[in-house]
Amino acid sequence: MASSTSNHSHPHPHALLFPFMSKGHTIPLLHLARFLLRRDLAVTIVTTPANRPFVVESLQGATASIVDIPVPDDIPGGVESTDKLPSNSLFYKFATATAGMQHHFDRLLETLPRVSFMVSDGFLWWTLESASKLGVPRLVYYGMSSYASAVSREAFMSGLFSGSQHEDELVTLTRFPWIRLTKNDFESEFRNPEPQSLSFKFHMNMISATINSYGILVNSFYELESVFIDYLNTESAPKSWCVGPLCTNISEPKQPRKFGFWVEWLDQKVKEKCSVLYVAFGSQAEISAEQFTEIAKGLEKSMVNFLWVVRKREWELPDGFEERVGNRGIVVREWVDQREILMHEGVKGFLSHCGWNSVLESICAGVPILAWPVMAEQHLNVRMVEEEMKVGFRVPTCNGSVRGFVKWEGLTEQVRDLMEGEKGKKARNKVQQLAAVANKAVQEGGSSCQALDSLIRQMCDCSI
Ligand code: UDP
């Protein structure tokens, strides 16, 4: 049954946050919790038993209440986060099964002190019904950029997916004529929806619940993508509010910090006046054994210093890799504080899968990106990184398709270009300019700060 650390008396407006059970969706809402706490709101975070330790650890003593509700039997206990799924192909099964939590959630809402408003992930579409029963306004959290939302919408509306083009043929979007993309920039579930499939029903439920919610919270800032935010706010409902980048919320932890050995290694590299490439593909991406070996070879041959976070224990490095690389590179097989690494003065480049959080964290740290999209909307994020923001460029694939195999030679060349070449220098200048704008947006008077203040005012008026 539900367990809580709250004292259950909330004299302040009370926000309830319900993140989806994946790291990339949970982390930004925990940052949001801090923004709300700083504005004197009471905050309750809803999670599941297996995800509770991660939430507690990430909040580092911030005074939010944490409540966990059990998961239905079709989600095996402990496998309560998408990064614990044996395969990403189970995603829709998992996401659909979360609806089985609804009756626990209904009961929880009835027992909590009055909730002024709820922020729940778009994937948890069924929370709208629970909120509506009690007259609680729901804001939807979408963990992607407005660019990705707007471009997907336009591609769909303009019939790109039903056209006869080859999957890798570049097509211009009429509404955004400077954007050219391919069918392969989208996941197949999105391109060829099968009306009887779990994914189709899931997306339909999500869209319908979003349309009937109060607003959409976007982890972005207006200056970054005003064209796309304005487009969404003109063409679709409900209103989108940019309140990010939420990763800028770095406050002094109340508990002592645990430093990993990699921080000392980075410090040492700074003393040696070396710059470091940070390599990470987020918490979800699946990479074939063959591709993993090619990445290792590319990094080895590049001769740059690198810190590589490897998510899966079963991904094996080529024989003798560590001896050949020596102290020039380290491979970390633990959870790291990615923001801390990106903010480290030794880190001068990021080889990234371009999950939206990673893109924002790199921008805020002023680190240029070598982009290697793997899944979800990452291909669109890469177009945004390279073509719109110009804060990085993509790794070349051997067949030219955005989903093709990357050979070590191409990787080595681009890594060197990022760290030492002209292309890297340009991207670095650009990202540093953007970092200043991003960090200003969340400060007093900034666009995101004003948007959040105004949204909270509206939410509190709604709930009277
Ligand atoms: N992350 C981290 N340490 C790790 C791996 C990931 O802090 O060892 C964080 C990263 O900083 C980001 C999130 O996990 O905030 C991953 O989100 P993103 O959207 O980049 O990618 P996803 O994992 O959703 O594909």
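At-a-glance table
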read-out	value
Net charge dipole size for the chain [Lys, Arg +1 and Asp, Glu -1 on Cβ; Debye, nearest 20]	740
Segment GLU387-GLU345, extension gain: residue separation times 0.36 nm, minus the distance between their alpha carbons	12.5 nm
Global form of the range 35-115, assessed from the alpha-carbon gyration tensor, a/c cut-off 1.5	oblate
Residue-wise HN-Hα coupling along the range 167-183, computed from phi with Karplus coefficients 6.51, -1.76, 1.60 (Hz; x: Gly, Pro)	4, 10, 7, 6, 10, 8, 8, 4, 6, 10, x, 7, 9, 10, 8, 10, 4
Cα shape, the range 280-431, gyration tensor, a/c 1.5 rule	rounded
Trypsin sites (Lys or Arg not before Pro) within the range 208-293: DSSP coil, no more than 13 neighbouring Cβ in 10 Å	LYS254, ARG257, LYS258, LYS273
Distance in nm between pseudo-label sites at SER197 and PHE156 (7 Å out along the Cβ direction from Cα)	1.4
Cα long-axis angle, helix 447-462 against the chain (0 to 90 degrees, to the nearest 10)	20
Selection of GluC sites (Glu not before Pro), the range 328-411, meeting DSSP coil and at most 15 other Cβ within 10 Å	GLU334, GLU345
Angle between the chain longest axis and helix 146-157 axis [Cα atoms, degrees, rounded to 10]	90
Length released on extending from ASP106 to PHE261, taking residue separation times 0.36 nm less the Cα-Cα span	51.4 nm
The range 373-456: chymotrypsin sites (Phe, Trp or Tyr not before Pro) falling in loop per DSSP and having at most 13 other Cβ within 10 Å	PHE405
Distance between modelled label sites at GLN443 and LYS423, nm, 7 Å Cα→Cβ extension	3.4
Amide H contacts of GLY392 (H built 1.01 Å from N, under 5 Å, at least 5 apart or other chain)	ILE369
Theoretical FRET efficiency, 1/(1+(r/R0)^6), r = Cβ-Cβ of ASP74 and SER275, R0 51 Å, to 0.05	0.60
Under 12 Å from the Cα of LYS301 - aspartates and glutamates, other chains or at least 8 residues apart	GLU409, GLU413
Relative contact order (%) - criterion: Cα under 8 Å, at least six apart; region: the chain	14
Residues of type aspartates and glutamates that LYS426 reaches as a straight line, Cα spacing below 12 Å, ignoring anything fewer than 8 places off in the same chain	GLU386, ASP417
Proxy reagent accessibility, fewest Cβ within 10 Å first, across HIS12, HIS31	HIS12, HIS31
Length added when fully stretched, ARG39-ALA99, from 0.36 nm per residue minus Cα-Cα	18.4 nm
Angle between the chain longest axis and helix 226-235 axis [Cα atoms, degrees, rounded to 10]	40
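Laboratory data are not the source of any read-out in this text; all were calculated from the coordinates shown. Every value quoted in this text rests on a predicted model; they were computed, and no experiment measured them. Heads up, the Cβs are rebuilt from the backbone with ideal geometry, glycines too, and the neighbour counts pull from every protein chain shown.
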